[in-house]
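Reading through the structure tokens given below for one structure.
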Amino acid sequence: MGRGMNKDTLYFYDLETSGISPRQARVMQFAGQRTTLDLEPIGEPDNVLISLTEDVLPDPRAILVTGITPQATRIDGINEKEFCDYFLESVATPHTTILGYNSVRFDNEFIRFLLYRNFRDAYEWSYKDGRSVWDMLDVVRMTRALRPDGIEWPFASDGRPSNSLELLTSVNPLQHENAHDALSDVYATIAVAKLIKQTQPKLFSYLYAMRTKQAVQAVVNSGEPFVYTTGRYNGAYEKTSVAVLLADHPVYPGNRALVYDLRFDPTEFLKMSIPDMLERMQYTKDETAPVRLPVKELVYNKCPAVAPLTVLTPSAQKNISIDMTAIQQHWRTLVADPTFTNRVRQAYEDKMTNVQTELAVDIQTVDSQLYNGFFNDTDKRKMQQVSKAKVKELADVHPTFDDERLVKLLLLYKARLSKEVLSADEQLEWNQYVHTKLTTGINSMSADDYFSLIQKIAVESAGNQRNIGLLEDLWLWGESIIPAIEH
């Protein structure tokens, strides 16, 4: 499906995973549907399970949500190598825009780490040969903020605005038979996209055109304030404000920008020292704490929802509670002190320096070290040799890599596909790796925590036969991969 296509298409997808961290958890279900730009389906949907390997203890809370057990993935699933082959050959075809619901920040990260673990390029699938990514969540947010007419907008049980896919499909109503099943969520996302395209076609088309890094930069770098919708902004204002570029990011120049939220009077912040700024960058749930520094990192290639001020009709201004007279005054105050920008840049540089990069390569943490630098061309060629080798050929694959991460990953890659291809020494190293990982909980959940959590949830789930059945399967999975540990 999808091979040889030259026309632009959309590919909606969703994942169900063993936990929430792409560095540690695994993809257990992948589902997707290709469509035309008019959102008409092309071909049959994809819906596959991906086998969980014996070094992974899933988060029981995630399994209760999805209902997918490790045993089901072993019986009916394909392995990660097979999935990578299919994804790169038949999903991420040239001229495809790959999208989902909160996919840029969640699902795409899981795909990147999965490709990295399996000796594939973690990035090219999202931008090369006319490919791109997009995300319906920020499209929904900006539609709700600026052009809400024609759509019912849901609220959470606490009365706050909510843009959850499940609630959105419920109140409109749109078909969404089984929330948290990947294919059902794909169909629901397509339905939401159709609803917005039908009710607000201009905004939908505009945001589709704005999915590229270059289009975003044109708006952000114009020198003028712009409308910005982001999950980091207050839900009381529909996650939307007016921002203005302060400066290029000091650590990621050309890829990220520092933008100021003009909803806030900058007078207080202009007086701050760099240590004060660093303190006010910290996130806190304390509602009585002082306002955080209203500066945000905007990442150009993550499809941020930005638009020129011309989209702010009077009704849109009212909807997001924005006072344009105050916005203009705040902007004038901001530009009157150019030293503020320099201090903000230095604060962000200091902040990044304080976050130590995990440079030491250890077999227990190597799965999570995707972002510790790019691989050189020589290593990339050797990675292709590894990924193209058939499983039975892996016993004879021993490339010498420049990057120590690939040295450590190679053993894990081989063992997860077939322990039969391991030498006696490699088998010992793998056994030690699994034992250490699952008993100590380095970079993952420990066996003790896993079984304790199952017991805790079982007490809370008394009388819920579905949950009890899933928890029993999870207990058996744990026992099957760590039989020597008492619980």
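The values are calculated or read from the model by the stated rules, or taken from the named source; none is laboratory data. This one's a predicted model, so the numbers in the text were calculated from it and none came from an experiment. Here Cβ is always computed from backbone atoms with ideal geometry, including for glycine, and neighbour counts include all displayed protein chains. Accessible surface is based on the protein model in full, side chains and every heavy atom, while ligands, DNA and RNA are left aside. Shrake-Rupley method; radii C 1.70, N 1.55, O 1.52, S 1.80 Å.
Within the set of pairs 6+ apart or on separate chains, which have a first residue in segment 261-275 that is touching a residue at least 24 places away in the same chain (Cβ under 8 Å) and under 15 Å from A336 (Cβ atoms), a second that is of a type in the set (D, E) and part of a loop (DSSP other than H, G, I, E, B), and C-beta atoms under 7 Å apart?
L270/D337
Give all pairs with beta carbons closer than 6 Å in which a residue from segment 365-387 that is without any contact (Cβ under 8 Å) to a residue 12 or more places away in the chain meets a residue that is open to solvent by less than 10 Å² (accessible area, probe 1.4 Å) and not β-branched (V, I, T); count only pairs at least 6 apart in sequence or on separate chains.
none
Based on this model, can you work out whether A191 counts as farther than 25 Å from T310 by Cα and without any contact (Cβ under 8 Å) to a residue 40 or more places away in the chain? Reasoning before the result, please.
Values: farther than 25 Å from T310 by Cα: yes; without any contact (Cβ under 8 Å) to a residue 40 or more places away in the chain: yes.
Yes, satisfied.
Sort through T73, T53 and tell me the only one that's in contact (Cβ under 8 Å) with a residue 40 or more places away in the chain and either touching a strand residue (DSSP E or B) at 6+ places or on another chain (Cβ under 9 Å) or among the basic types (K, R) (or both). Spell out how you get there, then give the answer.
Values: T53 fails: either touching a strand residue (DSSP E or B) at 6+ places or on another chain (Cβ under 9 Å) or among the basic types (K, R) (or both).
Residue meeting the stated conditions: T73.
Among all residue pairs at least 6 apart or on different chains, which show Cβ distances below 9 Å where the first residue, located in segment 315-330, is of a type in the set (D, E) and the second is surrounded by 15 or more Cβ atoms within 10 Å (Cβ to Cβ) and not in a helix (DSSP H, G or I)?
Note: pairs meeting the criteria are D323/R263.
Restricting to segment 346-367, and then to whatever is charged (D, E, K, R) and not in a helix (DSSP H, G or I), can you tell me which residue is modelled with the lowest pLDDT?
Keep residues of segment 346-367 that are charged (D, E, K, R), which gives 349-351, 358, 362, 367.
Narrowing further to those that are not in a helix (DSSP H, G or I): 358, 362.
On the way: E358: 52, D362: 90.
The selected residue is E358.
Among the residues of segment 457-468, how many are loosely packed, with under 13 Cβ neighbours inside 10 Å, outside any loop (DSSP other than H, G, I, E, B) and free of Cβ contacts under 8 Å to residues at least 12 places away in the same chain?
The first filter runs over segment 457-468 and keeps only residues loosely packed, with under 13 Cβ neighbours inside 10 Å, leaving 459-460, 462-463, 465-466.
Remaining after also requiring outside any loop (DSSP other than H, G, I, E, B): 459-460, 465-466.
Going one step further and asking which of them are free of Cβ contacts under 8 Å to residues at least 12 places away in the same chain, we end up with 459-460, 465.
Selection size over segment 457-468: 3.
Is it the case, given these coordinates, that K302 is within 21 Å of T230 (Cα to Cα), of a type outside the set (A, V, I, L, M) and open to solvent by 20 Å² or more (accessible area, probe 1.4 Å)?
yes
Out of everything in segment 243-280 that is touching a strand residue (DSSP E or B) at 6+ places or on another chain (Cβ under 7 Å) and of a type in the set (V, I, T), what residue ends up being nearest to G223 (Cα to Cα)?
My answer is V244.
Which of (1) surrounded by 13 or more Cβ atoms within 10 Å (Cβ to Cβ); (2) part of a loop (DSSP other than H, G, I, E, B) is the odd one out, the single condition M277 does not satisfy?
Only one criterion is unmet by M277, namely (2).
Quick one: count up the residues across segment 119-156 that are among the β-branched types (V, I, T) and closer than 11 Å to R211 by Cβ. Spell out how you get there, then give the answer.
Initial filter on segment 119-156 (among the β-branched types (V, I, T)): 133, 139-140, 143, 151.
Filter once more, keeping what is closer than 11 Å to R211 by Cβ: 133, 139.
Residues in segment 119-156 being among the β-branched types (V, I, T) and closer than 11 Å to R211 by Cβ: 2 in total.
Please go through (1) farther than 22 Å from S51 by Cα; (2) at pLDDT 95 or above; (3) within 31 Å of the chain's Cα centre (by Cα) for T440 and return the number of the only condition it doesn't satisfy.
The single condition T440 does not satisfy is (2).
Taking helices (runs of 4 or more DSSP H) that do not extend beyond segment 369-456, which have at least 2 residues that are under 19 Å from Q24 (Cα atoms), charged (D, E, K, R) and open to solvent by less than 20 Å² (accessible area, probe 1.4 Å)?
On the way: elements: 377-388, 404-417, 424-440.
Output list reads 404-417.
Can L428 be described as at pLDDT 95 or above and more than 15 Å from R120 (Cα to Cα)? Step through it out loud before you land on a result.
Details: at pLDDT 95 or above: yes; more than 15 Å from R120 (Cα to Cα): yes.
Criteria met by L428.
Looking only at segment 312-331, count how many residues are open to solvent by 30 Å² or more (accessible area, probe 1.4 Å) and farther than 24 Å from V344 by Cα.
Total satisfying the criteria: 10.
Can we say A336 is among the aliphatic types (A, V, I, L, M) and either within 26 Å of the chain's Cα centre (by Cα) or surrounded by 18 or more Cβ atoms within 10 Å (Cβ to Cβ) (or both)?
Numbers: among the aliphatic types (A, V, I, L, M): yes; either within 26 Å of the chain's Cα centre (by Cα) or surrounded by 18 or more Cβ atoms within 10 Å (Cβ to Cβ) (or both): no.
No; evaluated as a whole, the condition is false for this residue.
Look at segment 374-432 and say how many of its residues are in contact with a Cys (Cβ under 8 Å, 6 or more places away or on another chain) and of a type in the set (K, R). Even if it seems obvious, please write down each step before you answer.
Of all residues in segment 374-432, those in contact with a Cys (Cβ under 8 Å, 6 or more places away or on another chain) come to 387.
Subset that is of a type in the set (K, R): none.
Looking only at that region, the number is 0.
Restricting to segment 134-168, and then to whatever is among the charged types (D, E, K, R) and touching a residue at least 60 places away in the same chain (Cβ under 8 Å), can you tell me which residue is surrounded by the most Cβ atoms within 10 Å (Cβ to Cβ)? Walk me through how you get there before you give the answer.
Our first condition is that a residue be among the charged types (D, E, K, R); within segment 134-168, this holds for 135, 138, 141, 144, 147, 149, 152, 158, 160, 166.
Okay, now just the ones that are also touching a residue at least 60 places away in the same chain (Cβ under 8 Å), so 135, 138, 141, 144, 147, 160.
Numbers: D135: 26, D138: 24, R141: 22, R144: 22, R147: 20, R160: 9.
For segment 134-168, the residue satisfying everything is D135.
Which of the residues that make up segment 302-314 are assigned to a helix (DSSP H, G or I) and touching a residue at least 60 places away in the same chain (Cβ under 8 Å)?
Scanning segment 302-314 gives K302, L309, V311.
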